[in-house]
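What follows is a set of notes on a single structure, which appears directly below.
Read the figures in this text as sums done on the coordinates, not as results from a lab. Keep in mind that what you see is a predicted model, and the values were worked out from it rather than measured. Heads up, the Cβs are rebuilt from the backbone with ideal geometry, glycines too, and the neighbour counts pull from every protein chain shown.
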Amino acid sequence: MDRIETENTALRMLGLELPTDPRWVNLAEKDLEEILTDHAYCEQKAATSCISLIQRFPERKEMVRELAPIVTEEWGHFRAVLQELEKRDLSLGQQRKDLYVNALRDFMKKGGSREERLLEELLVCALIEARSCERFRLLSLYISDDSLKGFYHKFMVSEAGHYRLFIELAKKYFPEETVKTRWKEYLAQEAQIMKDLELRGDRMH
């Protein structure tokens with residue numbers, strides 16, 4: 001199985017419509033301090049997003065139960081990336097705007113009921129995790145630093161599980177056809193966002 005076929009198989013598993021530009025890994029490894037910094041803040045924001053969902057929808061007991069350990073896991077990931085920076089005698093830089101996530105949030109339906117806002121949040125979280133998984137997979141396979149291949153393989157496996165969890169929660173609380181229809185819209189929009197964004201090696205997304 002060649003690289004293109006392998007990437008297409010991964011995309012189908014995650015539901016994504018557009019693969020990452022193959023040049024991204026080469027760009028990312030040119031400045032590990034930058035990509036590790038951005039990765040660290042992505043993990044921090046993932047933990048914060050789960051905390052926000054728990055705070056806003058505490059009555060969704062199963063969601064609270066499922067997300068509580070994810071908060072701990074994501075914060076552990078943040079600490080792991082900090083340790084990787086320290087091991088390489090690199091420094092955590094400044095947090096930057098996440099243009100990818102901001103563009104996804106711009107696509108969220110405004111207004112609507114509290115329940116409709118929950119669906120939007122769950123699907124955006126699922127999509128961010130899916131794209132993160134796809135990019136961690138690329139790093140685990142193609143980055144030249146062998147120790148980072150193993151490092152990112154662990155993140156890939158974790159993000160795949162988070163992606164599935166958010167989709168499962170959406171299907172638990174909303175009709176499957178509603179979830180399916182809106183998910184397709186998000187996937188199409190995400191592909192367009194990926195096309196429009198500048199390819200940058202200092203960004204995880």
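Numbers for the structure displayed
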quantity: Relative contact order computed over the chain (Cα-Cα under 8 Å; 6+ residues apart), in percent; calculated: 33
quantity: Label zone at residue 62 (point 7 Å along Cα-to-Cβ), backbone N below 20 Å, region 146-170; calculated: 161-170
quantity: Efficiency of FRET from Cβ geometry, residue 157 and residue 113, R₀ 30 Å, rounded to 0.05; calculated: 0.30
quantity: Computed label-point distance, nm, for sites residue 177 and residue 17 using a 7 Å Cα→Cβ extension; calculated: 2.2
quantity: 222 nm mean residue ellipticity, helices alone, for the chain (DSSP H n ≥ 4; -39,500 (n - 2.57); rounded to 500); calculated: -26000 deg cm²/dmol
quantity: The chain: equivalent-ellipsoid semi-axes (sqrt of 5 x gyration tensor eigenvalues, Cα, Å); calculated: 28, 20, 15
quantity: At least 24 Å along the helix axis (C-alpha) and Kyte average at least -0.5, DSSP helices within the chain; calculated: 32-56, 61-87, 114-142, 146-173
quantity: Cβ-based net charge around residue 88, under 10 Å, with every Lys or Arg adding one and every Asp or Glu removing one; calculated: -4
quantity: Rough spin-label spacing in nm, given labels placed 7 Å along Cα→Cβ, for residue 196 and residue 55; calculated: 2.9
quantity: At R0 = 35 Å, FRET efficiency that the Cβ-Cβ distance of residue 168 and residue 89 yields, to 0.05; calculated: 0.30
